[in-house]
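Shown next, in structure tokens, is the structure this report addresses.
The values are calculated or read from the model by the stated rules, or taken from the named source; none is laboratory data. It should be emphasised that the depicted structure is a prediction, and the values quoted were computed from it without experimental measurement. Here the Cβ positions follow ideal geometry from the backbone for every residue, glycine too, while neighbour counts run over all protein chains shown.
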Amino acid sequence: MNHLFVYFAAGGAFVGVLLFWALRAKSPALGSQETPESQLLDALEIRPQMMAHQIFDDRDWNFVREAAPTEERPLFLRDRKRVALIWLEEMRKQVAEVMWLHRQAARRATDLSATLELQIAANYFAFLFCWRAMQIGIHLRGPFGARLMMERLLGCSRRLWQESEQLLASLGMPRRVEVTVVEK
Amino acid sequence: MSDQVLTQAVWWCTNTLEAGLLYRAARGRFLRRYIVFYSYLAYVLAYSLVAFCVYTFRTESYSRFYWGLQYVSITIGYCVIWEIYRQVFKAYPGALRVTRVLLAAILVFVIYLVVLNGIHDPRVTVLLHHNFHYDLAVLLNRAPVYEQSLRVVQAALLVTIVALVAYYSIPVGRNIRGMILGYGLYIGLTALQLALGSSLGSIWKYTASASYMAALITWCVTLWSYQPNPAPAKSSGPEYDYQTLATHTAKRMSQVRSSISRTIRP
């Protein structure tokens with residue numbers, strides 16, 4: 001009986017996905033507009049961040065707990081939560097824009113490397129997963145409570161990243177994209 | 001009696017729809033545009049008509065004829081997927097390369113499973129001992145399993161193509177969208193029907209026809225006139241290499257990642 005249910009669910013999901021895609025995909029979507037390549041590299045810039053670390057810094061919360069009246073604590077938490085979610089959404093939009101521009105250019109690149117492309121895609125989906133987890137964490141536990149959970153998640157994603165690098169290296173596919181980020 | 005009438009009616013309806021599709025494509029002068037797809041339709045129509053003749057005039061040979069060609073019929077359905085693949089990624093060499101790698105990976109995995117299954121399946125050993133002698137009983141027994149496996153592989157290939165179309169935002173015209181939806185409905189419902197099989201009772205024998213009818217109706221609606229995929233706009237400005245693009249993208253993703261890290265651990 002279980003295998004019948006699995007087949008039924010899989011078949012239903014397959015047909016559902018196709019119907020959803022066919023009905024949703026209309027004639028030329030936004031993605032079909034080509035961006036001149038000369039503008040692309042300039043556009044692949046992440047905009048300057050606001051003081052993001054202050055959003056999640058619990059010193060403000062400690063101060064409010066100690067110095068502010070009790071009735072103001074939920075107001076503070078609510079506002080800080082809203083700011084955190086706005087910041088998170090801003091991050092997602094920036095990454096989505098970067099990836100959209102990348103996909104627009106990569107789909108027509110004649111010298112595309114499939115391995116590298118799949119790696120970039122995997123990183124993007126890993127980011128989306130972390131982003132969603134962070135969003136849920138902030139909704140459930142607020143920006144300060146979600147922090148510990150996010151530390152663990154970041155550690156996990158870092159390990160996954162390193163393991164994928166090692167796997168590619170073991171398959172004889174050198175990592176051709178060397179990236180250094182200067183820590184401020 | 002009513003069962004036979006219904007079966008005949010469905011059978012003639014599907015043949016009429018197939019003939020209508022081929023006629024419409026020839027009349028609209030776009031048959032050559034989707035030559036692989038229409039070759040598949042022509043094969044299915046010819047096979048149906050020949051099968052009818054065999055059934056009518058040589059009933060005793062019909063089982064052998066049907067099951068002998070059933071394996072070919074199932075396999076030739078890959079033509080539709082090939083046509084979709086060919087048309088969708090024609091103008092997008094980068095996306096084509098990624099698709100080729102993923103589809104090849106799926107096929108290699110399937111071949112690996114088939115070989116592994118063959119090594120451990122005693123019935124394959126028996127078949128080898130008989131030097132692949134054409135055995136109707138064996139074919140009858142294995143055909144539904146073979147068809148189900150092939151349909152699952154077709155579904156995996158189609159989902160991969162659709163996922164990459166969505167990922168790269170490749171614009172797809174009405175014709176190809178119809179091909180994808182129609183054939184997807186057919187293989188999805190057929191795989192379900194083969195999996196559920198006897199659990200469906202008497203409905204079982206009509207599900208296959210109904211699923212193919214659904215596909216044909218979808219194709220009639222979407223392939224009534226020639227509506228190809230929109231051509232990509234010609235880009236202006238100098239071209240640059242993929243390595244530069246990928247480096248920039250990876251750099252930006254790393255910046256975001258480290259930005260989040262700094263936020264969590266100031």
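Pairs only if they're at least six apart or on different chains, beta carbon under 8 angstrom, first in the range A:1-29 and farther than 17 Å from residue B:84 by Cβ, second at pLDDT below 70 and part of a helix (DSSP H, G or I); list them, first residue then second.
Within 8 Å, the pairs are A:4/B:199.
Let's see how each residue does on (1) modelled with pLDDT under 60; (2) facing chain B (nearest Cβ under 9 Å):
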| residue | (1), (2) |
| --- | --- |
| A:41 | yes, yes |
| A:54 | no, yes |
| A:78 | no, no |
| A:81 | no, no |
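If I go through the range A:78-126 residue by residue, how many of them are over 26 Å from residue B:232 (Cα atoms) and touching a Gly at 6+ places or on another chain (Cβ under 6 Å)?
Going through the range A:78-126 one residue at a time, the tally reaches 1.
Somewhere in the range B:136-154, is a residue charged (D, E, K, R) and modelled with pLDDT under 65? Write out each step before concluding.
The first filter runs over the range B:136-154 and keeps only residues charged (D, E, K, R), leaving B:142, B:147, B:151.
Within this subset, residues satisfying the condition of being modelled with pLDDT under 65 are none.
Looking for residues that are charged (D, E, K, R) and modelled with pLDDT under 65, one finds none in the range B:136-154, hence no.
Consider residue A:91 against the criteria (1) surrounded by 16 or more Cβ atoms within 10 Å (Cβ to Cβ); (2) facing chain B (nearest Cβ under 8 Å); (3) within 23 Å of residue B:233 (Cα to Cα): it satisfies all of them except one. Which criterion is unmet?
The one condition residue A:91 does not meet is (3).
Return the total of residues in the range B:153-173 being part of a helix (DSSP H, G or I) and farther than 18 Å from residue A:15 by Cα.
1
Going through the range A:116-132 one residue at a time, which ones are more than 8 Å from chain B (Cβ to nearest Cβ) and either in contact with a Lys or Arg (Cβ under 6 Å, 6 or more places away or on another chain) or surrounded by fewer than 17 Cβ atoms within 10 Å (Cβ to Cβ) (or both)?
Result: A:122, A:125, A:128, A:129, A:131, A:132.
Filter the range B:1-28 down to the residues that are among the charged types (D, E, K, R) and touching a residue at least 40 places away in the same chain (Cβ under 8 Å), then identify the one that is farthest from residue B:183 (Cα to Cα). Step through it out loud before you land on a result.
Initially, the range B:1-28 is screened for residues among the charged types (D, E, K, R), giving B:3, B:18, B:24, B:27.
Cutting the leftovers down to touching a residue at least 40 places away in the same chain (Cβ under 8 Å) gives us B:18, B:24.
Details: B:18: 14, B:24: 19 Å.
The residue in question is B:24.
Name the residues in the range B:89-104 that are within 7 Å of chain A (Cβ to nearest Cβ) and either crowded, with 17+ Cβ neighbours inside 10 Å or among the small types (Gly, Ala, Ser) (or both), would you?
Selection gives B:92, B:94, B:95, B:97, B:98.
Residues B:161, B:180, B:170, B:176: which one is at pLDDT 80 or above, within 30 Å of residue B:109 (Cα to Cα) and in contact with a Lys or Arg (Cβ under 8 Å, 6 or more places away or on another chain)?
B:170
Please give the number of the condition residue A:110 fails out of (1) modelled with pLDDT of 85 or more; (2) facing chain B (nearest Cβ under 8 Å); (3) buried (at least 16 other Cβ atoms within 10 Å of the Cβ).
Of the numbered conditions (1) modelled with pLDDT of 85 or more; (2) facing chain B (nearest Cβ under 8 Å); (3) buried (at least 16 other Cβ atoms within 10 Å of the Cβ), the odd one out for residue A:110 is (3).
Would you tally the residues in the range B:55-93 being in contact (Cβ under 8 Å) with a residue 12 or more places away in the chain and more than 23 Å from the chain's Cα centre (by Cα)?
Adding up the residues that qualify gives 3.
Only residues in the range B:246-257 that are within 7 Å of chain A (Cβ to nearest Cβ) count as the first member; pair them with residues that are assigned to a helix (DSSP H, G or I) and modelled with pLDDT under 75, Cβ under 7 angstrom, at least 6 apart or cross-chain, and list the lot.
Filtered contacts from the range B:246-257: B:248/A:41.
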